[in-house]
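What follows is a set of notes on a single structure, which appears directly below.
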Amino acid sequence: MNRKKQIFTPVSEKEVTRAIVDGFARQFIEYVESDCLIIGGGPSGLMVGRDIALKGVKTLIVERNNYIGGGFWIGGYLMNKVTVREPGQKILEELGIPYEKAVKGLYVADGPHACSKLIAAACDAGVKFANMTIFDDVVLREGNRVCGAVVNWTPVNALPREITCVDPIALESKFVVDSTGHDACVVKKLEERGILKTVGFGGMWVEQSEDLVVEHTGEAHPGLIVTGMAVATTYGLPRMGPTFGAMLLSGRRGAQVILQKMKKK
Amino acid sequence: MNDFIHPIPSAIDLYKEGDLNGLNITQLGEYLEEKIHIPFRIRGNIYKRFSKKRIEEVSKELARIKVRDPDKRFVLGIPLPAEIDYEKRRITDPKWKIFGILYEGVLYQKIILDLVFKGRLDFKHCIILFTNQLFGTWDRDNNRYHARVSLYSFPSLISITGLVEAPAKPKEFYLKKQMGTPVEWLKEEYRGRFLDHGDSRMTEVMKGYAMQALLFHLTGDPFCDDRDCRLFNSHWQEEVLHSQMDGQYEFCPIHEAMLKGLRDRSIKGGVR
């Protein structure tokens, strides 16, 4: 009796394990030192990563969740439509994300489609990811220049200390980007150390905050670039509603700042 | 209504700050000149005459006077370098379009006063600055900051952004906004019932505010209680549009007579 041909090549469990460990370890060793370490894999972080990686900048995005994309999967009130205001739709076009016009100056895209395309664009550009990895602290050098980040597994932070006394490890880079959203984790860490002082959110004129976020995107401290909603927290700008144009454009502005600074170095 | 407390100015100096989004300052000047027979001068961007060093100082001062939390009393901030840099880029670009930061109005006015008068107050000219930036003042009645259209003083400040943002829109607008309806959709739904950025009615509406600034200069009292008079102190967008566009007269009989008296005095005094 002829045995039915197997679809998949037989591979033992140990080979699967070796492949995972080896693949992870090789990439991790390579990215212990990078040109740019982006903390936060939401839309602004992905956009920075995609734009700089396209120019050959060695980039690692650290994301505390298993999934990449942050809040870009869904819009307001858990509805999976994301809105961008003019000229944010130009980036949607560039990334091949379909969208439609809602009213003059406002465009709507499908959240899952937009987010997955942006992630794919970052991957295609050469960005690497360390997901389920949480930012713990900054690495500082002469003149308190930010030169990297101390990270740990996300689950370590979620469990009681008695069970998970796991020390973090450090990653080095020429630049660190804080794209951790409202939390502005990296900026807050500098504040904890008395190096930087933030002011938290302003409360009014939401309609205009997108412009302000883009205009304030840049180097907040030597070696530290702040993008996206972390900009609003750092500079006390109004908290924004669920439109993503500023996240994408802020990411692009952050990338421009990094590229310019790397050229000067 | 006070009688004049200051001499009639020899000219009205109109300054600007940022892109005024279609506001025609020359038309405003011509309107004032026609109504009161005092010549006007277009002085352009208020920051253009100052040295690099002075611009640095002013940028730092402006970065310190942001209202961080409208529900709390104002505290002078310690600005981050990027905030000072933002202010510098803003004030050195006469076409700057971006706004949204709420500045402490009284301190903003003080910065402009120091720039214009350099420590020596002068009542010979009525000075008005038209800005695209937003300022507010603390309201003691409800203990919070409110955005304002104008701040009448020496010099007076009038904000085109304040004219859009400060007077309240229809109540339903805010209710729907709270429910998550995008502002762009609401603007379509309530089109015409409030002024928007770049509104073609802006220059016409601003005529009344420019006149209020002049009245303040002369009498210390810029407002009128009559909601049909251009000098009415409107708190709702619908009041703004009514008093400036559809009132039963341009100025109430009392203010009309006052303006006529002013015209006569300007001519006799040889202001023209």
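Conditions: (1) crowded, with 23+ Cβ neighbours inside 10 Å; (2) touching a helix residue (DSSP H, G or I) at 6+ places or on another chain (Cβ under 6 Å); (3) not in a helix (DSSP H, G or I). A:E210 meets all but one. Number of the miss?
(3)
Yes/no matrix, rows are residues, columns are (1) modelled with pLDDT of 95 or more; (2) surrounded by fewer than 13 Cβ atoms within 10 Å (Cβ to Cβ):
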residue: A:N2; (1), (2): no, yes
residue: A:V21; (1), (2): yes, yes
residue: A:F28; (1), (2): yes, no
residue: A:I91; (1), (2): yes, no
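Does the stretch B:167-174 include one or more residues that are touching a residue at least 40 places away in the same chain (Cβ under 8 Å), over 25 Å from B:K97 (Cα atoms) and assigned to a strand (DSSP E or B)?
So far as the stretch B:167-174 goes, no, none of its residues is touching a residue at least 40 places away in the same chain (Cβ under 8 Å), over 25 Å from B:K97 (Cα atoms) and assigned to a strand (DSSP E or B).
If you check B:Y47 against the conditions, is it hydroxyl-bearing (S, T, Y) and either part of a loop (DSSP other than H, G, I, E, B) or exposed (fewer than 14 other Cβ atoms within 10 Å of the Cβ) (or both)?
On the way: hydroxyl-bearing (S, T, Y): yes; either part of a loop (DSSP other than H, G, I, E, B) or exposed (fewer than 14 other Cβ atoms within 10 Å of the Cβ) (or both): yes.
For B:Y47, the condition - hydroxyl-bearing (S, T, Y) and either part of a loop (DSSP other than H, G, I, E, B) or exposed (fewer than 14 other Cβ atoms within 10 Å of the Cβ) (or both) - is met.
For the stretch B:41-75, which positions are touching a residue at least 24 places away in the same chain (Cβ under 8 Å), over 23 Å from the mean Cα position of the chain (by Cα) and within 14 Å of A:G236 (Cα to Cα)?
Answer for the stretch B:41-75, where residues must be touching a residue at least 24 places away in the same chain (Cβ under 8 Å), over 23 Å from the mean Cα position of the chain (by Cα) and within 14 Å of A:G236 (Cα to Cα): there is none.
Test B:E83 against the stated conditions and say whether it is buried (at least 17 other Cβ atoms within 10 Å of the Cβ), within 11 Å of chain A (Cβ to nearest Cβ), within 30 Å of A:L224 (Cβ to Cβ) and modelled with pLDDT of 95 or more. Walk me through it before giving the result.
Details: buried (at least 17 other Cβ atoms within 10 Å of the Cβ): yes; within 11 Å of chain A (Cβ to nearest Cβ): yes; within 30 Å of A:L224 (Cβ to Cβ): yes; modelled with pLDDT of 95 or more: no.
Against the criterion (buried (at least 17 other Cβ atoms within 10 Å of the Cβ), within 11 Å of chain A (Cβ to nearest Cβ), within 30 Å of A:L224 (Cβ to Cβ) and modelled with pLDDT of 95 or more), B:E83 does not qualify.
For A:N157, work out the one condition from (1) modelled with pLDDT of 90 or more; (2) more than 14 Å from chain B (Cβ to nearest Cβ); (3) within 22 Å of the chain's Cα centre (by Cα) it doesn't fulfil.
Unmet for A:N157, out of (1) modelled with pLDDT of 90 or more; (2) more than 14 Å from chain B (Cβ to nearest Cβ); (3) within 22 Å of the chain's Cα centre (by Cα): (1).
Among the listed residues B:G180, B:G220, B:G192, identify the single one that is at positive phi and within 14 Å of another protein chain (Cβ to nearest Cβ). Please lay out each step first, then the result.
On the way: B:G220 fails: within 14 Å of another protein chain (Cβ to nearest Cβ); B:G192 fails: within 14 Å of another protein chain (Cβ to nearest Cβ).
Result: B:G180 is the single residue among B:G180, B:G220, B:G192 that is at positive phi and within 14 Å of another protein chain (Cβ to nearest Cβ).
Touching a Phe, Trp or Tyr at 6+ places or on another chain (Cβ under 9 Å), closer than 23 Å to A:E219 by Cα, away from every other protein chain (no Cβ under 14 Å) and β-branched (V, I, T): which single residue out of A:I39, A:I68, A:I91 fits that description? I'd like the intermediate steps shown before the answer.
Details: A:I68 fails: closer than 23 Å to A:E219 by Cα; A:I91 fails: touching a Phe, Trp or Tyr at 6+ places or on another chain (Cβ under 9 Å).
Exactly one of A:I39, A:I68, A:I91 is touching a Phe, Trp or Tyr at 6+ places or on another chain (Cβ under 9 Å), closer than 23 Å to A:E219 by Cα, away from every other protein chain (no Cβ under 14 Å) and β-branched (V, I, T), namely A:I39.
Among the residues of the stretch B:188-206, count how many are part of a helix (DSSP H, G or I) and buried (at least 18 other Cβ atoms within 10 Å of the Cβ). Spell out how you get there, then give the answer.
First, pick out the residues of the stretch B:188-206 that are part of a helix (DSSP H, G or I): B:188-189, B:202-206.
Those still in the list that are buried (at least 18 other Cβ atoms within 10 Å of the Cβ) too: B:202-203, B:205-206.
Qualifying residue count for the region: 4.
Only one of (1) among the hydrophobic types (A, V, I, L, M, F, W, C); (2) without any contact (Cβ under 8 Å) to a residue 40 or more places away in the chain; (3) touching a Cys at 6+ places or on another chain (Cβ under 6 Å) is not met by A:M79, so which one is it?
With respect to (1) among the hydrophobic types (A, V, I, L, M, F, W, C); (2) without any contact (Cβ under 8 Å) to a residue 40 or more places away in the chain; (3) touching a Cys at 6+ places or on another chain (Cβ under 6 Å), A:M79 is out only on (3).
Out of the stretch B:134-152, which residues are of a type in the set (S, T, N, Q), modelled with pLDDT of 95 or more and surrounded by fewer than 23 Cβ atoms within 10 Å (Cβ to Cβ)? Break it down into steps so the answer makes sense when it comes.
Going residue by residue through the stretch B:134-152, those that are of a type in the set (S, T, N, Q) are B:137, B:142-143, B:150.
Okay, now just the ones that are also modelled with pLDDT of 95 or more, so B:137, B:150.
Listed by number, the list holds a single entry, B:T137.
Residues checked against (1) within 11 Å of chain A (Cβ to nearest Cβ); (2) in a helix (DSSP H, G or I); (3) modelled with pLDDT of 90 or more; (4) buried (at least 18 other Cβ atoms within 10 Å of the Cβ):
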| residue | (1), (2), (3), (4) |
| --- | --- |
| B:R54 | no, yes, yes, no |
| B:E57 | no, yes, yes, no |
| B:R68 | yes, no, no, yes |
| B:E87 | yes, yes, yes, yes |
| B:Y108 | no, yes, yes, yes |
| B:R120 | no, no, no, no |
| B:F130 | no, no, yes, yes |
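Taking the stretch B:1-34 only, how many residues are under 16 Å from B:R263 (Cβ atoms), of a type in the set (D, E, K, R) and buried (at least 19 other Cβ atoms within 10 Å of the Cβ)?
0
Only one of these is assigned to a loop (DSSP other than H, G, I, E, B) and in contact with a strand residue (DSSP E or B) (Cβ under 9 Å, 6 or more places away or on another chain): A:V82, A:V57, A:V11. Name it.
On the way: A:V82 fails: assigned to a loop (DSSP other than H, G, I, E, B); A:V11 fails: in contact with a strand residue (DSSP E or B) (Cβ under 9 Å, 6 or more places away or on another chain).
Going through A:V82, A:V57, A:V11 in turn, the sole match is A:V57.
The values are calculated or read from the model by the stated rules, or taken from the named source; none is laboratory data. Just so it is clear, the structure is predicted and the values come from calculations on it, not from any experiment. With ideal geometry, Cβ positions are generated from the backbone for all residues, glycine too; neighbour counts draw on all protein chains shown.
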